[in-house]
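A.B. asks: Handing you a structure now.
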Amino acid sequence: MKALLLTSDVETPESLLCELVRRIRPKNPENIAYASERIAALSVTLETYPALRGRVREAFSQLFATRRAGSLYMNLGILPSTGFFSETWRRISHRLLPEVQNPEEFLGDMLQSLFDHETDEIWVRGVDNELWIGLLRALHFDETNAPDAFNLSPDAPPEALPGGVSTLLHSLWRLSYQITAMGFDAELLRLDTNLARTDSPFLAQNLETRAFVECCQQHWHEDAAATDDEKQLLVLFDQCKEAIERIHRRSVHAGTSLQLTYKLQCLRDHISRAEQLATIAGELQREKSRQTAYPAIIALFKNLVFASCRKNDLRTFWRQNLEITARRVTEYAGKAGEHYITETRREYWGMARAAMGAGALIAIIALLKLMLHRFNLAPLNEMLAYGLNYGLGFAMIYMLGFTIATKQPAMTANALAASIGEARGKARDLENLISLIARTTRSQLIAILGNVSMAIPVAVLVSLLQLPWRDQHAISIQEADILLAGHHPFLSGSLFFAAIAGVCLFLSGLVAGYFDNLATYNRVPQRIKQLAWANRAFGATRVARFADYVEAHLGAIASNFLFGVMLALVWSAGMLLGLPLDIRHVAFSSAYLGYALAGYDFAPPWITFAWAVVGVAGIGLINLGVSFSLTLFVALRARGVTFSQGNQLMRGLVRRLFLHPRDFFLPPRKSDELVK
């Protein structure tokens with residue numbers, strides 16, 4: 001370190017600081033101990049040799065005097081107001097073709113050239129704050145005749161401010177104006193009309209920031225008693241954050257969007273940066289040695305390095321903005337999922353009847369799909385025909401009040417995730433969670449039995465009804481051979497195709513939550529009720545009834561229809577791309593078994609038929625397992641739940657299964673219901 005600082009080869013401040021960072025940077029970014037040792041060694045060297053620390057101080061002084069620091073404080077680590085998709089595209093394009101850096105003019109670009117490894121943020125943030133503070137102290141910015149970012153040269157006029165302080169205060173002022181403008185955004189005012197009042201914290205913080213900045217400028221060289229305190233400004237920033245959280249809570253009922261989530265995150269970023277700058281400015285003004293500001297300066301430094309290294313990181317950006325929207329979507333889906341979990345005997349047998357009705361209709365939809373295949377339509381027309389057949393069929397099943405078993409996991413997993421998030425390992429809530437899992441299990445089992453128990457006999461019955469007027473069953477023996485072979489668990493790709501269908505089921509669950517959230521956020525029911533032409537044509541009562549139906553069922557109808565379209569798209573994509581892509585759905589596969597059985601005139605090759613039955617059972621398990629697992633994972637991540645008491649939950653489930661196995665398979669006894 002000493003040799004580096006004394007060498008004449010390092011002439012410019014940029015090259016000196018870049019070389020220092022290179023000497024400190026560990027080869028393995030996780031090796032925090034190495035970086036800590038190098039920083040400690042550099043601090044000792046600077047303390048020992050005044051000429052060396054003077055050279056480093058001079059480098060900092062020149063950087064703040066000759067570079068624009070506004071972009072460093074106001075842009076780096078703060079989301080721009082351009083919008084979610086514009087920022088996504090910017091990050092993708094700059095990742096592929098990096099933007100031009102100008103470290104000779106902008107301090108923000110200079111910081112990025114110093115910490116030009118994407119992993120630099122790991123060791124910079126990993127090094128203890130006290131070591132970084134010790135490095136600042138070793139530079140002795142309080143030495144006489146030592147101009148730097150926060151001290152003036154001896155020949156400066158008495159009313160002048162140091163370059164670093166002037167830029168910092170100016171950036172704080174500009175951030176305050178941006179916070180005010182974003183706080184009065186129309187979308188935020190719609191969710192919280194109180195923000196439009198004259199005593200809004202977003203307006204009050206701007207007035208207080210102006211007073212604070214002007215006072216710092218006027219009394220920089222005077223005693224601290226003559227200056228405004230930043231504490232009142234920080235209180236107003238806290239009130240702004242409380243307003244953001246209030247909007248957040250209201251979005252649970254009023255719905256949310258990516259645009260709203262992005263705006264709130266952008267506002268948080270601005271407030272957080274303004275808090276940091278105000279804290280630094282207050283500490284610099286409060287104490288002549290400036291050392292009380294070092295902790296806040298190091299905190300800002302670490303944030304800036306992290307932001308510099310993650311500037312074009314798409315994964316962090318998406319996680320930051322999609323998490324809240326995903327939570328709202330899964331919460332809406334979870335509310336729908338509560339209807340798929342039975343509790344009483346009446347609900348249990350009602351679920352069975354609804355599932356049986358769905359099984360009967362699925363047998364008809366499966367036959368229509370087989371008939372469409374015989375027309376040899378063009379690929380696009382065939383895809384549209386399959387999609388409409390599946391989509392309209394699923395939507396009709398829902399609108400008639402029937403239940404498809406495989407739709408349950410994508411809904412019930414959200415309700416389970418909400419319960420897990422509330423339990424957080426508490427014993428009493430864990431027992432409630434175990435009861436919910438038991439009720440969910442028996443609800444899904446009876447739904448599967450209901451679907452299958454009707455899909456097979458109805459398929460057989462439909463096939464027999466065609467004999468008198470077609471003189472043949474619904475499908476030929478050749479078609480029956482193809483159907484049975486396609487459901488063999490090992491000799492075909494049926495289990496893999498079942499997993500693809502499980503992914504589609506998972507996506508359809510998100511679609512349900514998305515459309516329910518969209519209807520609430522855009523106030524679709526209220527807008528329908530105020531349609532003048534509809535009220536004149538159908539009457540206000542009917543329009544209101546239709547609007548209420550849309551509010552309650554839009555998500556589920558859209559989910560069922562688009563699930564059918566997704567099934568057709570998977571098959572079409574496989575055909576167009578020449579890939580082995582298809583879907584297997586347990587209810588349709590059961591219906592196909594019934595048609596194949598009738599096609600063989602009830603004398604199929606029994607070994608082949610038995611393997612097909614095993615394949616259908618495997619398809620059902622994979623349909624349910626994949627959709628439930630994916631939905632539960634997303635719902636837990638969206639809520640930020642890390643369920644640390646998983647072992648305790650598993651022990652409780654096993655204990656309940658052995659002591660009360662009936663809870664997982666059969667409805668409660670009448671006596672148990674009377675006790676409740």
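No value in this document is a laboratory result; all are computed from the given coordinates. A quick note: this is a predicted structure, and the numbers were derived from the prediction, not measured. Note that we place each Cβ from the backbone using ideal geometry, even for glycine, and neighbour counts take in every protein chain shown.
A.B. asks: Using the Karplus equation 6.51 cos²θ - 1.76 cosθ + 1.60 (θ = phi - 60°), what ³J(HN,Hα) coupling, rounded to whole Hz, does each residue of the range 521-536 give in order, writing x for Gly and Pro?
C.D. replies: With coefficients 6.51, -1.76 and 1.60, one gets 5, 8, 6, 4, x, 5, 6, 5, 5, 9, 5, 5, 5, 5, 5, 5 Hz.
A.B. asks: Taking the Cα-to-Cβ direction at Asp229 and at Leu370 and moving 7 Å from each Cα, how far apart do the two end points lie in nm?
C.D. replies: 8.3 nm
A.B. asks: I need the phi-derived Karplus couplings for the range 431-445: 6.51 cos²θ - 1.76 cosθ + 1.60, θ = phi - 60°, integer Hz, Gly and Pro marked x.
C.D. replies: Whole-Hz 3J(HN,Hα) from phi for the range 431-445: 5, 5, 5, 4, 5, 5, 5, 4, 5, 5, 4, 5, 5, 6, 5.
A.B. asks: Continuing with this model, one more query. Taking only pairs that are 8 or more places apart or on different chains, how many Lys pairs in the range 328-641 have Cα atoms under 26 angstrom apart?
C.D. replies: Close lysine pairs found across the range 328-641: 4.
A.B. asks: Provide the per-residue ³J(HN,Hα) series for the range 611-616, in order, calculated from phi with Karplus coefficients 6.51, -1.76, 1.60 and θ = phi - 60°, each as a whole number of Hz, with x at glycine and proline positions.
C.D. replies: So the Karplus estimates, Gly and Pro as x, are 5, 5, 4, 4, x, 5 Hz.
A.B. asks: Assign one of three labels to the range 183-288, namely rounded, prolate or oblate, based on the Cα gyration tensor with a ≥ b ≥ c the square roots of its eigenvalues; rounded applies when a/c is under 1.5, prolate when it is not and a/b is larger than b/c, and oblate otherwise.
C.D. replies: prolate
A.B. asks: Please order Arg669, Arg210 by the number of other Cβ within 10 Å, starting at the fewest.
C.D. replies: Ascending Cβ contact count within 10 Å gives the list Arg669, Arg210.
A.B. asks: Taking amide H positions as placed 1.01 Å from N in the peptide plane, with prolines and chain starts having none, which residues 5 or more places from Phe106, or on another chain, fall under 5 Å of its amide H?
C.D. replies: Arg68
A.B. asks: Among residues other than Phe237 whose Cβ falls under 11 Å from its Cβ, what is the net charge (Lys/Arg +1, Asp/Glu -1)?
C.D. replies: The answer is -1.
A.B. asks: Any number yet on Rg/Rh for the range 328-641, C-alpha, Kirkwood?
C.D. replies: Here Rg/Rh amounts to 1.01.
A.B. asks: For Arg584, what residues show an amide H to amide H distance below 5 Å, using hydrogens built from the backbone and excluding near sequence neighbours?
C.D. replies: Here the answer is Ala498, Ala501, since their amide H atoms fall under 5 Å of that of Arg584.
A.B. asks: Binned at 5 Å from 0, what are the whole-percent values of the Cα-Cα distance distribution for the range 429-475, short to long?
C.D. replies: Binned Cα distances yield the sequence 5, 19, 14, 11, 11, 8, 9, 7, 6, 5, 4, 2, 0.
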